[in-house]
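For reference, the structure discussed in these notes is given below.
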Amino acid sequence: MRSAKPRPAKAAGARPRRMVYGFGAGRADGRAGMKDLLGGKGANLAEMTLLQVPVPPGFTLSTEVCAAYQKNGGRIPDGVKRKVLAALAKVERQMGRRFGDPEAPLLVSVRSGARASMPGMLDTILNLGLNDATVAGLARCADERFAYDSYRRFLAMYGDVVLEIPHDRFESRIEACKLDRNRKLDVELSAADWRRIVREFQEIALEHTGRPFPQDPSEQLWGAVAAVFRSWENDRARRYRKIHAIPDGWGTAVNVQAMVFGNMGDDCATGVAFTRDPSTGDKLFYGEYLKNAQGEDVVAGIRTPQPINRASRRAGQEQLPTLEEEMPRAYKELVRICQKLERAYREMQDIEFTIESGKLWMLQTRTGKRTTQAAVKIAVDMAKEGLITREEAVLRIDPHALDQLLHPTLDPDAERKLVAKGLPASPGAASGRIVFSADEAEARAKGGEKVVLVRIETSPDDIHGMHAAQGILTARGGMTSHAAVVARGMGRCCVAGCGELRIDYAAGELRARGVTLRAGDVITLDGGTGEVMQGEVAMVTPKLGAAFGELMRWADKIRTLSIRTNADTPADARMAREFGAEGIGLCRTEHMFFEPNRILAVREMILAADVSTRERALAKLLPMQRGDFAEIFRAMAGLPVTIRLLDPPLHEFLPHGDEEIAEVARALGRDAAALRAKVEELKEFNPMLGHRGSRLGITYPEIYRMQVRAIMEAACEVAQAGVRIQPEIMLPLITHVRELERLRALVDQEIAAVAAEWPGVRVKPSIGTMIEVPRAALTADLLALHADFFSFGTNDLTQMGYALSRDDAGKFLPDYVEGGIMPDDPFVSVDEEGIGRLMEIGVNGGRRTRPGLKVGICGEHGGDPKSIRFCAKLGFDYVSCSPFRVPVARLAAAQAAAAGAATAQGRKRR
Ligand code: PEP
Ligand code: MG
């Protein structure tokens, strides 16, 4: 055996850190891939320099310096200072100017630049290096007014950011001067005015700090660099990091860069541009600029920016000249550079530029923010242009963002008055008059009114009202509560679990945050954020466009998971097919029982005193169920349809309250008191763990027999008409192998009985079980002996595995999620380390007994991108989700496959 040689002392990791990275004149120490060290801005400045794009020279103090600064008790280490001075000397040589030189002064900007974009969170200082001597030198290079205007800007920014003098102290001096000189705009002030203001600003600084404003440019520089590092810890930055989950330890880089001026005269300008239209995604160079202005003027909005070209003209800008017309040479150069940047980055870029005396300089480039519609169009176009692959195009779209394309959303510019916030249970937006009952929702909607159904919580009794309403708001319930699940299935916007609402049905009002709203008042819901607003808020309805269809086709080619839908009605089934569903993964038969013309027969069945009475009631339901199933089979022709036998506790179907009980008793010709006693008898302490699911099939086998018969008869009828069908019968809430064995025998028997009545028609449903109870997951190897497929009911599996009530968790779960105890709401994204383990045990156990066992998921997690990735990892065959989520699931499944392929390739390479 050879002994390992000792490593040389100066291994790669021990190399002294560079800390300061220069860029300029076509050379750079950094590059685009070094965002962790240089921050986004610094890395891109280096990259642009390497691409031979004109960038004012400068240098970046890395994020490691930020860490060293914090560790060093808020002092910049001496070694770093030496490196900064060396880098500065290089910039001086490149610019032909010297820092602090009264004849030809070099001025610099000092800006923060974190790894992740943190807009407006950290601070910028421009024109650093100006003092009472260099301002004269600047005046000689340009003109006096410009020089003093620049000086006062520097004093105010430095005063604000470094000396922490309230900004309005400076602003109020400018306002006083304008008043005194009878001027309206800053641009109307003269050199003498600015000179006076400069003096006054210096007095403010002296008064505030007790020291004269620093005249030494080096002192200015260290002060500014330290202020940027300090700003990483300010409240705004901390809050932003918390909201966007940016680690505190990242720190920020600081970019020091030679100033170029867009405000030196009429051959100067400053502006921003996007390489493609950020709202539509069209391949149009799009941007705005201001002549004779500095960057902050564009942001300040005092002057109206001009469009850079005709394509960028908006309504009302027809008369404004464009950059293309005013400075054609610089414009042409700008177009050329932007194309180059887009090619290099293979992404739409958002750039900042300045034109100084006709010469174009690029100050920043970064990936441009865009609407979802634009994101889809840009990704598809770039793939067609050969800039990126189709896989990359598919990976670039956030599946969650597709909700924006599939539902109306609130106009981002519209005013809103927030009254409460709940859980974002079903996406989209809705406005309407408040109604507190499902019947009223239905009645008013029939009369053409738009209503929002507000309930403490919803139950299956409310389905008709939920359907009629524009949106649903509940005070109780989590992300898989009845309201949330049903609303998502219907594509209705829903805010659930809004605990701060106080709903008073009797008074017909709701209260929140000191506001009282009454039945008939208009409210607006944002199902994407959970916000509830008073009054009507304007909405936008996005268009899907051809690019969306194309992207989806590419996604379908990449993904390996099938995408099914949870649909209970033929209408849902048809809609889901349009969204691209490849089957039904869950048809909850109980939802059909609530139709007004059926509920009486259902109640009769439940209240039956003996088997023969129950069978008579079931016989009334049989043709109705058969009709539904036949229509669903036709709608899903050729695709698998999983029908689940009755699941909820029976008392859910019974009347509540004396009035309703009396009404039902009358309709059934029964005694009201006896009926009330039966309702009481059926009540349970823990209905979710009570007489529900397959337990109903054990106690009342005739119910399941009727359902299987209805499925089989429908299947035979449709198959005989020549339609290809694939029925699948699923048993809910299975907990024990013998329970499954017994029920499977019952199902098989009934199938055989119907098959015998339809000679010549071959229909062979497969029979499977839900895995939605921890015990089922743990004994999956046994269950697989009697199941042709598994479907994970992760709503109940989470409820029971995590001991979290689906209907009550909304009250306390936010404390866990927002408090950082749980990374996500486990009803939204599968809790991989807990419930996920049960799923893994379940799949593996099932497939050990029955290799190749078909496995899917039909809990709400089937539409959640993160959970879909997890299911792909566990080797599931399909996911099933509500119709509106089908496109989201198609995309997420493709991304899971593409990411999986990339990991596998990575493993192979290694
Ligand atoms: C589940 O529990 O995940 C499921 C799909 O069943 P339901 O939501 O109807 O209880
Ligand atoms: Mg369930």
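According to the Cα gyration tensor, what semi-axes, each the square root of 5 times an eigenvalue, does the equivalent ellipsoid of region 462-580 have, listed from largest to smallest in whole Å?
With the √(5λ) rule applied to region 462-580, the semi-axes are 34, 17, 13 Å.
Subtracting the Cα-Cα distance of Ala67 and Asp658 from their residue separation scaled by 0.36 nm leaves 205.8 nm. Pairs of Cα atoms nearer than 8 Å and 6+ residues apart set the relative contact order; for the chain it is 9 percent.
Kindly express, to the nearest 10 degrees and within the range 0 to 90, the angle between helix 328-345's C-alpha long axis and the longest C-alpha principal axis of the chain. Between helix and principal axis, roughly 50 degrees. Considering region 23-155, its Cα convex hull presents a mean projected area of 8.9 nm².
Taking loop as defined by DSSP and a crowding limit of 15 other beta carbons within 10 Å, which GluC sites (Glu not before Pro) in region 161-224 fit? Could you put the intermediate results ahead of the total?
On the way: sites: Glu164, Glu171, Glu175, Glu188, Glu200, Glu203, Glu207, Glu219; in loops: Glu164.
Of the GluC sites (Glu not before Pro), the ones in loops of region 161-224 whose Cβ has at most 15 other Cβ atoms within 10 Å are Glu164.
Dividing the mean sequence gap of close Cα pairs (under 8 Å, 6+ apart) by how many residues region 556-682 holds gives a relative contact order of 27 percent. Can you give me the angle between helix 611-635 and the longest principal axis of the chain, using Cα atoms only, in degrees from 0 to 90, rounded to the nearest 10? Orientation of helix 611-635: about 40 degrees from the principal axis.
Once Rh for region 109-264 is found with the Kirkwood sum over Cα pairs, what is the Stokes-Einstein diffusion coefficient at 4 °C and 1.567 mPa s, in µm²/s? Spell out each step's value before the answer.
Details: Rh = 16.6 Å.
This corresponds to a translational diffusion coefficient of 78 µm²/s.
Within region 350-378, what residues put their amide N at less than 17 Å from the label point 7 Å along the Cα-to-Cβ vector of Ser279? The answer is 369-378, whose backbone nitrogens lie closer than 17 Å to the label point.
What FRET efficiency do you get for Ser190 and Thr541 if R0 is 60 Å and r is their Cβ-Cβ distance, rounded to the nearest 0.05? All intermediate terms of the calculation are to be shown ahead of the outcome.
On the way: r = 52 Å, r/R0 = 0.87.
Step by step, r from the Cβ atoms, then E = 0.70.
Here, region 30-83 has an Rg and a Dmax of 12.7, 39 Å when only alpha carbons are counted.
Remark on the chain: Rg and Dmax equal 34.0, 108 Å (Cα only). Using only alpha carbons, region 352-412 has a radius of gyration to Kirkwood radius ratio (Rg to Rh) of 1.15. Here is the list for region 356-438: GluC sites (Glu not before Pro) lying in DSSP coil, each with at most 14 other C-beta atoms within 10 angstrom of its C-beta, are Glu385, Glu415. FRET efficiency for the pair Gln52 and Asp824, taken as 1/(1 + (r/R0)^6) with r the Cβ-Cβ distance and R0 = 35 Å, rounds to 0.15. Give the separation of the Cα centroids, region 801-855 to region 716-785, in Å. Spelled out, the Cα-based centre of one part sits 26 Å from the other. Take 759-770, 272-283 and order them by the average number of nearby Cβ atoms within 10 Å per residue, most first; the result is 272-283, 759-770. Think of each Lys and Arg Cβ as +1 and each Asp and Glu Cβ as -1; about the Cα centre, that makes the dipole of the chain roughly 3860 debye. Comparing Cα centroids, region 486-565 and region 435-466 end up 15 angstrom apart. Over every Cα atom in region 219-258, the radius of gyration and the widest Cα-Cα span, Dmax, amount to 11.7, 35 Å.
Compared with the alpha-carbon gap, the fully stretched path from Ala677 to Glu171 is longer by 174.5 nm at 0.36 nm per residue. Taken along the Cα-to-beta-carbon direction at a fixed 7 Å, the label points for Leu418 and Ser766 span 4.8 nm. Fully extending the segment from Thr389 to Ala226 would add 54.3 nm, taking 0.36 nm per residue of separation and subtracting the current Cα-Cα distance.
Express in % the proportion of alpha carbon pairs of region 315-365 at distances exceeding 13 Å. Percentage above 13 Å: 63. For a paramagnetic label modelled at 7 Å from the Cα of Val817 toward its Cβ, which residues of region 458-482 fall within the zone defined by backbone nitrogen distances under 13 Å? Residues 477-481 qualify, since their backbone N sits under 13 Å from the label point.
Here, each number is a calculation from the coordinates, and none is a lab measurement. Owing to the predicted nature of the structure, the values given are computational and were not obtained by experimental measurement. In this analysis, Cβ positions are derived from the backbone assuming ideal geometry, glycine residues included, and neighbour counts consider all displayed protein chains.
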